[in-house]
Amino acid sequence: MVQAKAASEPSSAGGGVRAALVAMARSAAARLGSAIPGGGVARAAACALLVLGCGPGAMPASVRHPLVGSAAPEFRAESTAAVTVGVPGTRRTRVTVIDFWASWCASCSRTMPALDRLWRDRKADGVAVIGVNVDDSEAAAEAAAYELGATFPIVADLDQRLTGTYGVAQVPLTFVVDGAGTVRWVGHDPASARRAVEILLSERPAGARSVFE
């Protein structure tokens with residue numbers, strides 16, 4: 001990745017703008033902190049940092065996949081725990097993460113626990129995580145999920161229908177779908193998947209409703 005090299009000594013004009021922004025941030029933090037009890041100063045400081053452009057950042061780069069930017073194929077499936085999951089999600093679903101994996105996939109031993117942490121951290125905010133297992137038996141899917149500590153719903157794709165519908169050629173492969181049903185990110189890295197989820201959560205107010213509702 002090529003990054004712009006910062007000048008060793010900022011210009012006086014640039015320094016003046018930066019100083020003004022810092023002053024604005026500190027002033028905002030002081031005003032908000034005095035008005036918000038119980039940890040308000042920390043929250044106010046975080047809000048003030050937005051003045052300096054410290055927002056959630058850009059969506060991480062996806063792998064080349066035809067579904068990026070397109071509508072996610074809709075489906076309904078029963079998980080190994082007899083819970084119905086799919087796309088679109090429930091009325092409160094803001095982001096859906098769909099991860100294709102297998103018991104024999106070495107990289108999945110890193111992806112699955114990371115996605116489980118994401119689900120536990122963010123499910124209260126409307127994040128749904130669905131694991132689609134491509135093994136040839138439901139028992140293998142359940143055993144592997146248990147061993148990896150995955151507590152989110154697991155769908156056993158025994159006939160490879162979902163795998164084919166989503167164009168999955170290798171595992172793990174993770175899809176991040178927004179509340180409007182659009183695939184916004186596809187990739188293999190769980191850290192990037194979490195970043196994509198956080199950015200999507202920041203795009204819509206917590207009380208906003210999905211177009212599927």
Inset, instruction - Please tell me if Asp125 is surrounded by fewer than 22 Cβ atoms within 10 Å (Cβ to Cβ), in contact with a helix residue (DSSP H, G or I) (Cβ under 7 Å, 6 or more places away or on another chain) and over 15 Å from Ser62 (Cα atoms). - result: yes
Legend entry - Meets criteria (in contact with a Cys (Cβ under 6 Å, 6 or more places away or on another chain) and not β-branched (Val, Ile, Thr)) for Pro172: yes
Inset, instruction - State yes or no: is Val183 in a strand (DSSP E or B) and modelled with pLDDT of 95 or more? - result: yes
Inset, instruction - Within the range 89-100, count every residue that is within 19 Å of Asp157 (Cα to Cα) and either among the polar types (S, T, N, Q) or touching a Gly at 6+ places or on another chain (Cβ under 6 Å) (or both). - result: 2
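The values are calculated or read from the model by the stated rules, or taken from the named source; none is laboratory data. None of the values given here were measured: they were computed from a predicted structure. For neighbour counting, all protein chains shown are included, and Cβ atoms are generated from backbone atoms with ideal geometry for every residue, glycine included.
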